[in-house]
Amino acid sequence: MARTVTVGLDGSRESVVAAEWGAREAENRAVPLRVVNVWPPNGVVPESMADRETQRHWAERVPRDVGEELRRRHPGLAITVEQLIGWPREVLPEAAAESELLVLGSRGLSGVGRFLVGAVGQAVLAHTDRPVVFVRAPEHDRELPDSHGPVVLGLGTAADALFAFAFDAARRRGTGLWIVHAWKLPPYFGYGMPSDSSLEADLTKSEATHLEEAVRPWRDAHPEVEVTVESRRGRAVDLLADAARDHGASLVVVGRYIRRSSLGGRVGSVTYGVLHHVTAPVAVVSHS
């Protein structure tokens, strides 16, 4: 199957906005858009959707209407709309495996609208190695935020997958790349040791030097991308939220370690915090 951008559609306002974001991303990547609506198996529906008319609305009308609107707004884009039977936490990772990335709304409504967010959204993220983009809906309308702002990369580990995704995203958008690295003082600073301004200055310089060294090969390989590097002491979630807001980020990129266990993967505290505190679209890129 050809590579696609896949969107999980649950009918909520957030997922409809995510579908529009996915359509624009598919155009940027010159790949088809695949919109997937997942319906529970064996006729199981939430209690709030017990009547047949509501079932028919969710099962048929919403995906059809969204598909028609996307085709109207993006006439040159190949778009397919599919309804798949199963549970989203199982079906969506399978759909993601056939895609360049998976796009989800980051917040949903009551009833069936909840199945792409919260615990299920995190389960989908933890069970796929493909990049997943979470898109919030603006407060008052369905229009996406400005797409011309820089890409902000939150860098904890200098993983190639993170650099590759962030540089490619900035290049495709024709925007700059703002790389944010947060660091903390060693634990013994919290155990009664007197403050040492020279030691803190040395640590600040060392962290900045290591960051510049990690970025240099990617900067050299992508001279068309204007790169700004920021290494600061502080809480990673706060620094990323501030950078995204202050610079009007069009996309925030964070990483997730691939760790397998009988319970699946983990999202990670920084990624979890960014998803809850950053209003720009957030791309979560898995790396080893």
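The values are calculated or read from the model by the stated rules, or taken from the named source; none is laboratory data. Please read all numbers here as calculations on a predicted model, not as lab measurements. Glycine also receives a Cβ, built like all others from the backbone with ideal geometry; neighbour counts cover every protein chain displayed.
The figures follow:
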{"quantity": "Residue in the stretch 220-237 that is in a helix (DSSP H, G or I), β-branched (Val, Ile, Thr), closer than 26 Å to Gly149 by Cβ and at pLDDT 95 or above present", "calculated": "no"}
{"quantity": "Helices (runs of 4 or more DSSP H) contained entirely in the stretch 4-89, each with at least 1 residues that are at pLDDT 90 or above and in contact with a helix residue (DSSP H, G or I) (Cβ under 7 Å, 6 or more places away or on another chain)", "calculated": "13-29, 62-73"}
